[in-house]
Amino acid sequence: MTGETRAVAALNASGIRYTLTRHGAVNSLAEAAAARGVRPEDIVKTIVVRRGEGDHLFVLVPGGRQISWPKLRALLGVNRLSLPDAAQARAVTGYERGTITPFGSLAALPVIADASVTGRPVSIGAGAHGVAALVDADALVGVLAATVADVTDAAAGA
């Protein structure tokens, strides 16, 4: 089963309404937004974060923003977090970097959605390069049972 097939099956099983978009290779957030017909801030990246050995979670980060490590550590009540390397992220999720989505992940991980994600349609990856699902962010947060919190800052240069 391909990553896209697994992600779409999970989207279908979740009951969330979505529109799948497919586009060619993109080289920037702006190009991805144009290809998907959304604003850059409406693209939501799924970042895998490692709390400890065998303990990972997803953080949903809107375009133009980045994880604020102090905010995320405070929310989780931990002193240390890290990003797994590409091989470890793939082992946990079944997806390569750039295609990671909570939908169809090999491991069911807790999800934290940045507070700025909610209240609008957003585009989230769907398991393959150039494939995304346009969904209502509030429905997304609901089906993923995500914790909504302020865990990002504006990205440098954004």
Query raised in the report: Any chance region 100-113 includes a residue that's over 14 Å from the mean Cα position of the chain (by Cα) and either under 25 Å from residue 6 (Cα atoms) or modelled with pLDDT under 95 (or both)?
Result: yes
Report summary line: Okay, strands (runs of 3 or more DSSP E) sitting entirely in region 17-70 with 1 or more residues that are out of contact with any Asp or Glu (no Cβ under 9 Å at 6 or more places or on another chain) and of a type in the set (Gly, Ala, Ser), I get 43-52
Report task. Answer yes if at least one residue in region 141-153 is farther than 21 Å from residue 10 by Cβ, within 14 Å of the chain's Cα centre (by Cα) and hydroxyl-bearing (Ser, Thr, Tyr), and no otherwise. Result -> yes
Query raised in the report: Could you say whether any residue in region 78-93 is within 14 Å of the chain's Cα centre (by Cα) and under 21 Å from residue 135 (Cβ atoms)?
Result: yes
**Report entry** Matching residues in region 114-134 - criterion: being crowded, with 24+ Cβ neighbours inside 10 Å, among the small types (Gly, Ala, Ser) and touching a Pro at 6+ places or on another chain (Cβ under 9 Å)
**Finding:** none
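Within region 2-16, restricting attention to residues that are of a type in the set (Val, Ile, Thr) and part of a loop (DSSP other than H, G, I, E, B), which residue is nearest to residue 118 (Cα to Cα)?
Filtering region 2-16 down to residues of a type in the set (Val, Ile, Thr) leaves 2, 5, 8, 16.
When the remaining residues are screened for being part of a loop (DSSP other than H, G, I, E, B), the result is 2, 16.
Working: 2: 29, 16: 15 Å.
Looking at the filtered set, the residue picked out is 16.
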Query raised in the report: Residues in region 38-96 that are under 22 Å from residue 157 (Cα atoms), in contact with a helix residue (DSSP H, G or I) (Cβ under 9 Å, 6 or more places away or on another chain) and among the aromatic types (Phe, Trp, Tyr): how many?
Result: 0
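The values are calculated or read from the model by the stated rules, or taken from the named source; none is laboratory data. All values reported here derive from a predicted model rather than from experimental measurement. So basically every Cβ, Gly included, is an ideal-geometry build from the backbone, and we count neighbours across all protein chains shown.
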